[in-house]
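Report on the following structure.
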């Protein structure tokens, strides 16, 4: 994955620390990022948090937050940034499918990002089966990490 190579090069050149928080992608994003060159120098780690009480207890998600929302994605990213004490963290949350959940259609994905100075999100609408949604989410999350790492 070219984006992981670019992320690795940027993080190492700038001395950045990176982390991820995953719900939807269940560790797949951490696996992709951790495959980057010399990841032990810049990838602090990742957390997979599916259950809401885990997201609340470990990542500081506000109780009652819709798990498929911009707010959730931003809170998860902020929580991971703080937990791992990193420069940039990205989170994944949403509905992989094949069925809708809580009124959200399959393929509704939110990516969150957090740096020491700012936090934000991006909404994705991904068509396809759950495997396609997962793969596209990981690709987009790595691109997001790479983009924000370059901006720091």
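No lab work stands behind these numbers, since they all come straight from the coordinates. Since the model is a prediction, treat every value here as computed from it, not as a measurement. Note: ideal-geometry Cβ built from the backbone for every residue, glycine included; neighbour counts use all protein chains shown.
Within the stretch 101-110, does at least one residue satisfy the condition of being under 10 Å from the mean Cα position of the chain (by Cα) and closer than 27 Å to residue 15 by Cα? Taking every residue of the stretch 101-110 in turn, none turns out to be under 10 Å from the mean Cα position of the chain (by Cα) and closer than 27 Å to residue 15 by Cα. Residue check, residue 6 against (1) more than 21 Å from residue 116 (Cβ to Cβ); (2) part of a helix (DSSP H, G or I); (3) out of contact with any helix residue (DSSP H, G or I) (no Cβ under 6 Å at 6 or more places or on another chain), all met but one. Which one? Of (1) more than 21 Å from residue 116 (Cβ to Cβ); (2) part of a helix (DSSP H, G or I); (3) out of contact with any helix residue (DSSP H, G or I) (no Cβ under 6 Å at 6 or more places or on another chain), only one is false for residue 6: (3).
For the stretch 81-116, name all the residues that are in contact (Cβ under 8 Å) with a residue 40 or more places away in the chain and out of contact with any strand residue (DSSP E or B) (no Cβ under 6 Å at 6 or more places or on another chain).
Passing the criteria: 83, 85, 87, 96.
Looking only at residues in the stretch 39-54 that are more than 12 Å from the chain's Cα centre (by Cα) and surrounded by 14 or more Cβ atoms within 10 Å (Cβ to Cβ), the one that is nearest to residue 86 (Cα to Cα) is 44.
Within the stretch 17-32, the set of residues being closer than 10 Å to residue 145 by Cβ and outside any helix (DSSP H, G or I) comprises 18, 19, 20.
So how many residues does the stretch 27-38 have that are under 17 Å from residue 110 (Cα atoms), touching a residue at least 40 places away in the same chain (Cβ under 8 Å) and either out of contact with any helix residue (DSSP H, G or I) (no Cβ under 8 Å at 6 or more places or on another chain) or surrounded by 21 or more Cβ atoms within 10 Å (Cβ to Cβ) (or both)? So the count comes out to 1.
Going through (1) free of Cβ contacts under 8 Å to residues at least 60 places away in the same chain; (2) crowded, with 19+ Cβ neighbours inside 10 Å; (3) in contact with a helix residue (DSSP H, G or I) (Cβ under 9 Å, 6 or more places away or on another chain); (4) within 21 Å of residue 55 (Cβ to Cβ) one by one, residue 19 falls short only on (1).
Every residue in the stretch 93-150 that is assigned to a loop (DSSP other than H, G, I, E, B) and buried (at least 16 other Cβ atoms within 10 Å of the Cβ), please. Once the filter is applied, which keeps residues that are assigned to a loop (DSSP other than H, G, I, E, B) and buried (at least 16 other Cβ atoms within 10 Å of the Cβ), the stretch 93-150 yields 95, 96, 97, 106, 107, 126. Residues in the stretch 64-92 that are assigned to a loop (DSSP other than H, G, I, E, B), out of contact with any helix residue (DSSP H, G or I) (no Cβ under 6 Å at 6 or more places or on another chain) and farther than 23 Å from residue 127 by Cα: 64, 85, 86, 87. Under the condition of being in contact with a helix residue (DSSP H, G or I) (Cβ under 7 Å, 6 or more places away or on another chain), in a loop (DSSP other than H, G, I, E, B) and closer than 15 Å to residue 20 by Cβ, the residues counted in the stretch 39-63 number 2. The numbered conditions (1) closer than 20 Å to residue 104 by Cα; (2) touching a strand residue (DSSP E or B) at 6+ places or on another chain (Cβ under 7 Å) are all true for residue 19 except (1).
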